[in-house]
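The values are calculated or read from the model by the stated rules, or taken from the named source; none is laboratory data. Keep in mind that this is a model prediction, so the values were computed, not measured. Please note: Cβ atoms are built from the backbone with ideal geometry, for glycine as well, and neighbour counts cover all protein chains shown. Side chains are part of the model used for accessible areas, which takes the heavy atoms of the whole protein and leaves out ligands, DNA and RNA. Shrake-Rupley method; radii C 1.70, N 1.55, O 1.52, S 1.80 Å.
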Amino acid sequence: MKRERQIYAVTKEESMFSSMKFPAGAYSEGFIEPGLPRDHWKSVIDALDSTRPDILSKRQARIKKMRHEDGATYNLFDNSGKQGTPWALGTIPLPITSAEWDLLETGIIQRASLLNRILNDIYGPQEFLKNGYLPPELVFANPSFLRPCHGIEPAGSRFLSFYAVDIYRGTDGKFRVLRDYGANPAGLGYALENRIVMSRAFSELYHKTMIQRLAPFFQTFHRNLIKNASMAEEEEGIVLLSPGPDSPIYFEHALLSRYLGYPLVEGQDLTVRNGRLFLKKLAGLEPVKAVFRHVDDLSSDPFALRQQTSKGVAGIIQVLREKNLNMVNPIGSGFLDTPILPLFLNNICRELNGEDLLIQNHQTWWSGKEEDKKYILENSGSLIIGQAMKRSKTFNLPKKLNDAFDASPYAYMASEPLYPSTVPVWNSEGAGSHYAIMRIFACASDEGFSVMPGGLAITAPDIASLTCDCPDLQQSKDIWVLSDKPVGEFSLLSGLSTAADFKRGSDLPSRVADNLLWLGRYLERAEDLIRLVRAVFKRLSGETPIYNIPEMPFLLNLLRAENRIPSDVNGENRIPSYGDLISQLNDALYLKNKPESVVFVLNQVKESARNVRDRLSLDSWRVINRLEDFSNIQAYDPLEILDDTLFNLSAFSGLAMESMTRGLGWRFMDMGRRVERAINQTALLRIALPDVCTESQSALESLLEIADSIMTYRARYRTVFQIAPVLDLLLGDESNPRSLAFQFSQLADHVDHLPRYTDRRYSSPEERLALEMLTDIRLLDLIGMRCGNSTDLRKSLSEFLDKIETRIIDFSQHISAHYLSRVTSTSHFSSAEDIAGEAFEL
């Protein structure tokens with residue numbers, strides 16, 4: 001030990017941490033004194049000191065890039081369409097010794113077991129009230145105590161199956177509990193994301209250090225869930241219930257859904273029939289036996305709790321009462337989040353177990369106790385006063401505390417100021433100290449509770465930023481629990497001892513199919529619009545003056561017909577000045593409140609993708625995230641960003657074509673693309689038809705360029721552009737992915753593979769429409785179509801395109817009506833006979 005101290009004393013001036021400042025009085029997690037790291041930090045400090053600052057900067061940039069590509073954000077806005085705040089991850093982890101972890105683990109298991117007994121009692125016999133362990137106000141004046149849940153006995157008498165706790169280390173070096181989470185603890189997915197990113201960015205240090213793995217915890221969580229739901233290991237029937245993309249932590253829900261393999265659903269995807277819960281899928285209703293809930297208590301059941309919300313499922317409390325569902329955590333467990341509840345835990349623990357809490361609480365006082373009330377009034381200037389029964393982001397301190405305490409003696413509490421420990425942080429400006437809180441997770445197990453060996457550390461440069469709900473001012477850290485012995489490899493798949501039955505095909509909720517269909521439509525809409533605007537910018541970037549570009553009137557007419565740029569004031573297709581046209585085109589690119597603009601359509605792409613992010617691969621999601629560059633950067637050269645955006649859209653299309661299984665998800669997304677491409681192509685030809693001969697012969701070339709078919713035309717004909725072969729290529733050539741015939745052929749194939757509730761002999765309306773459109777386009781005769789002498793043919797073709805456009809819209813409406821309309825969630829008293837009659841009413 002002396003030798004190590006001497007080494008660090010000699011090299012401390014060379015260390016990046018040697019000039020780091022430490023807040024007075026705060027416990028330092030990493031250092032005994034400036035320049036002298038604690039033993040379990042030495043490997044981390046050595047690794048950082050041996051790395052050049054420019055390399056660390058690159059690694060920090062890599063971490064930021066990986067989290068951006070993974071979509072790791074915390075959405076601060078009520079409007080889900082706005083960009084969320086990136087979930088920042090610090091370069092330096094937070095290691096904890098195995099001895100300290102043993103203390104934390106034992107204390108958390110003790111606390112979780114105690115809280116589970118409290119929940120079982122207050123929603124059951126309420127002996128704790130009768131014995132005076134808890135004051136009546138804490139239950140009956142508590143908005144988090146849900147009376148409709150009283151008397152419900154959860155599976156295995158486990159009211160608390162998943163638990164999180166915020167812990168800090170005080171100035172004396174001892175751990176204390178700051179807050180408990182019982183309803184739907186947040187942060188588990190972010191802790192998992194932190195570990196994934198850190199193990200990739202610092203793989204050498206990670207694998208040289210003996211760090212306990214996280215995967216066994218998730219396996220314990222899963223096995224406990226299926227055991228309490230009386231399910232087989234490979235049986236389906238577990239879902240992860242999320243409020244949806246409007247949730248600020250929707251990224252976490254999608255990540256946990258992928259990692260655990262539970263379908264990510266929203267309240268509208270579920271319905272109650274005859275006292276049981278079902279997932280609404282395209283092919284019918286699928287029973288649900290277990291729910292991993294991420295919807296708050298009061299929003300879980302609008303029927304029983306009389307809440308105006310669409311996040312929950314009407315009747316789900318009755319399903320729990322009839323013991324037909326296992327839920328993590330059961331509705332009502334938010335009682336544990338009551339701020340003043342920890343004040344009573346130590347006495348309860350002593351009464352029940354004959355021992356004190358191993359991890360004491362942060363010091364608090366309650367206005368419902370006379371001695372505490374007196375202390376608060378005498379020391380109000382040095383205490384933090386808040387609400388006792390609920391946590392709120394906003395709290396107005398009463399001007400006259402004594403009067404407020406007398407009016408509502410149970411409603412207020414006070415706590416001593418928080419002064420947590422500090423941890424080393426690093427950025428491009430050098431090393432420093434941040435204050436830190438650790439969030440640690442536990443789940444029910446066969447033996448009691450299992451604690452995840454790691455967690456989520458939240459850090460901030462000041463205590464106010466650390467304790468506020470403002471992640472844009474905070475950083476996170478990966479917690480490394482060190483092991484005294486080698487750590488073996490582990491996978492969630494390692495516990496499977498028997499081969500699963502082979503499965504092919506797929507089914508999905510109607511909401512997911514709807515969003516996938518619109519994702520396909522918006523992707524195609526964005527691509528077509530970018531090709532059109534790019535064609536104009538290409539011509540403006542050349543040497544030819546704007547008024548001498550022969551196809552410019554034709555291109556501007558296409559933009560004006562779809563309201564991409566404003567129409568000429570005199571109704572003529574005149575060319576504006578260069579400056580006016582550039583201004584109009586920039587609006588067509590970047591005007592966010594203009595539905596016809598590129599940025600608006602790209603935002604719709606991102607919003608549709610967010611709604612189904614659990615269905616997209618990580619590579620696909622990274623491509624979607626890159627679309628943000630369009631709205632964040634207004635390039636000096638618009639062609640550059642248009643080319644990059646088109647490249648990203650093409651990359652997504654390639655991933656969808658080569659990586660997605662040909663299940664219903666892929667079919668609905670591709671149907672969206674085919675419908676949108678058919679609509680756009682039909683409108684393009686209908687608008688262009690009067691001009692391709694009168695404006696300029698080069699208009700035909702522009703038409704092929706916008707339709708992405710010019711290379712095929714030149715390879716086939718090697719002549720001047722003629723209207724008949726151009727129309728044949730864009731209308732009737734089934735080998736051309738851009739032709740109408742190709743779209744209708746694909747649509748006919750898709751509807752033929754959609755689920756049917758019964759074996760009917762007749763075709764559905766969408767099947768008939770797809771076949772009619774394909775037959776009509778195959779029978780279309782374009783021979784003799786030439787410029788100058790085929791006015792009747794062009795008129796006939798224009799009428800044909802109008803008819804086709806109407807049919808495409810009808811086809812889309814039939815698909816929505818047949819497959820994508822929601823089944824209204826009803827109360828629990830629906831009869832069993834309703835299930836068969838309503839199963840396919842999707």
Consider region 3-57. How many of its residues are among the basic types (Lys, Arg), at pLDDT below 85 and assigned to a helix (DSSP H, G or I)?
3
Qualifying positions in region 282-297 - under 28 Å from Ala186 (Cβ atoms) and surrounded by 20 or more Cβ atoms within 10 Å (Cβ to Cβ)
Val288, Lys289, Ala290, Val291, Phe292, Arg293, His294, Val295, Asp297
The condition from (1) closer than 30 Å to Pro550 by Cβ; (2) free of Cβ contacts under 8 Å to residues at least 24 places away in the same chain that Asp629 misses is numbered (1)
Test Phe278 against the stated conditions and say whether it is in contact with a strand residue (DSSP E or B) (Cβ under 6 Å, 6 or more places away or on another chain) and over 26 Å from Ser144 (Cβ atoms).
yes
Restricting attention to region 353-390, report how many residues are open to solvent by less than 50 Å² (accessible area, probe 1.4 Å), in a helix (DSSP H, G or I) and either closer than 30 Å to Asp296 by Cα or of a type outside the set (Ser, Thr, Tyr) (or both).
3
Looking at Ser597, is it surrounded by 13 or more Cβ atoms within 10 Å (Cβ to Cβ), touching a Leu at 6+ places or on another chain (Cβ under 8 Å) and closer than 30 Å to Leu264 by Cα?
no
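Results for (1) open to solvent by 50 Å² or more (accessible area, probe 1.4 Å); (2) assigned to a helix (DSSP H, G or I); (3) farther than 29 Å from Glu734 by Cα; (4) in contact with a helix residue (DSSP H, G or I) (Cβ under 9 Å, 6 or more places away or on another chain), shown as yes or no for each residue.
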{"position": "Leu581", "(1), (2), (3), (4)": "no, yes, yes, yes"}
{"position": "Leu589", "(1), (2), (3), (4)": "no, yes, yes, yes"}
{"position": "Ile624", "(1), (2), (3), (4)": "no, yes, yes, yes"}
{"position": "Asp629", "(1), (2), (3), (4)": "yes, yes, yes, yes"}
{"position": "Glu640", "(1), (2), (3), (4)": "yes, yes, yes, no"}
{"position": "Asp643", "(1), (2), (3), (4)": "yes, yes, no, yes"}
{"position": "Ser653", "(1), (2), (3), (4)": "no, yes, no, yes"}
{"position": "Met669", "(1), (2), (3), (4)": "no, yes, no, yes"}
{"position": "Ile687", "(1), (2), (3), (4)": "no, yes, no, yes"}
Name the helices (runs of 4 or more DSSP H) wholly inside region 92-183 in which the number of residues that are open to solvent by less than 50 Å² (accessible area, probe 1.4 Å) and under 22 Å from Gly386 (Cβ atoms) is 3 or more.
98-122
Look through Ala444, Ala431 and report the one residue that is open to solvent by less than 10 Å² (accessible area, probe 1.4 Å) and out of contact with any His (no Cβ under 7 Å at 6 or more places or on another chain).
Ala444
Looking only at residues that are farther than 30 Å from Ile45 by Cβ and in a strand (DSSP E or B) in region 391-428, which one is most open to solvent (accessible area, probe 1.4 Å)?
Tyr412
For region 747-773, which residues satisfy the criterion of being at pLDDT 90 or above, in contact with an Asp or Glu (Cβ under 9 Å, 6 or more places away or on another chain) and of a type in the set (A, V, I, L, M, F, W, C)?
Leu747, Ala748, Val751, Leu769, Ala770
Of the residues His222, His207, only one is more than 24 Å from Gly332 (Cα to Cα) and over 20 Å from the mean Cα position of the chain (by Cα); which?
His207
Name every residue in region 204-236 that is out of contact with any strand residue (DSSP E or B) (no Cβ under 8 Å at 6 or more places or on another chain), in a loop (DSSP other than H, G, I, E, B) and over 16 Å from Val288 (Cβ atoms), in order of residue number.
Arg213, Leu214, Glu233, Glu234
Return the pairs, sorted by first residue and then second, in which the second residue is open to solvent by 10 Å² or more (accessible area, probe 1.4 Å) and β-branched (Val, Ile, Thr), the first residue lies in region 238-262 and is modelled with pLDDT under 90, the beta carbons are less than 6 Å apart, and the residues are 6+ apart or on different chains.
Phe251/Thr73
Which one of Ala407, Ala314 is free of Cβ contacts under 8 Å to residues at least 60 places away in the same chain and either farther than 28 Å from Arg223 by Cβ or among the aliphatic types (A, V, I, L, M) (or both)?
Ala407
Take Val720 and tell me if it is among the β-branched types (Val, Ile, Thr) and either buried (at least 19 other Cβ atoms within 10 Å of the Cβ) or in a helix (DSSP H, G or I) (or both).
no
Yes or no: region 812-828 includes at least one residue that is open to solvent by less than 40 Å² (accessible area, probe 1.4 Å), at pLDDT below 80 and closer than 26 Å to Arg667 by Cα.
yes
Across (1) of a type in the set (Phe, Trp, Tyr); (2) farther than 23 Å from Ala588 by Cα; (3) surrounded by fewer than 18 Cβ atoms within 10 Å (Cβ to Cβ), Phe647 clears everything bar (2)
Based on this model, can you work out whether Val726 counts as touching a Leu at 6+ places or on another chain (Cβ under 9 Å) and not in a helix (DSSP H, G or I)?
no
Flag for Glu266 being under 30 Å from Val751 (Cβ atoms), charged (D, E, K, R) and in contact with a Ser or Thr (Cβ under 7 Å, 6 or more places away or on another chain):
yes
Filter region 707-729 for residues that are more than 19 Å from Asn680 (Cα to Cα) and either touching a strand residue (DSSP E or B) at 6+ places or on another chain (Cβ under 9 Å) or of a type in the set (Gly, Ala, Ser) (or both) and give the result.
Ala715, Ala724
Could you list, in sequence order, the residues of region 237-255 that are of a type in the set (A, V, I, L, M), within 22 Å of Ala88 (Cβ to Cβ) and open to solvent by less than 10 Å² (accessible area, probe 1.4 Å)?
Ala254
Pairs only if they're at least six apart or on different chains, beta carbon under 7 angstrom, first in region 113-129 and farther than 13 Å from Ser333 by Cβ and touching a residue at least 60 places away in the same chain (Cβ under 8 Å), second open to solvent by 10 Å² or more (accessible area, probe 1.4 Å) and part of a loop (DSSP other than H, G, I, E, B); list them, first residue then second.
Ser113/Gly448
Any residue in region 23-44 that is open to solvent by 20 Å² or more (accessible area, probe 1.4 Å) sitting within a Cβ distance under 9 Å of a residue that is assigned to a helix (DSSP H, G or I) and among the basic types (Lys, Arg)? List the pairs, counting only those 6 or more apart or interchain.
Pro34/Lys12; Ser43/Lys208
Of the residues in region 522-538, how many are touching a Ser or Thr at 6+ places or on another chain (Cβ under 9 Å) and either open to solvent by 20 Å² or more (accessible area, probe 1.4 Å) or among the aromatic types (Phe, Trp, Tyr) (or both)?
1
Hey, Glu204 among the acidic types (Asp, Glu), open to solvent by 50 Å² or more (accessible area, probe 1.4 Å) and under 23 Å from Ala47 (Cβ atoms) or not
yes
Where a residue in region 279-290 is acidic (Asp, Glu) and its partner, wherever it lies, is surrounded by fewer than 18 Cβ atoms within 10 Å (Cβ to Cβ), with Cβ under 8 Å and at least six apart
Glu286/Glu236; Glu286/Asp507
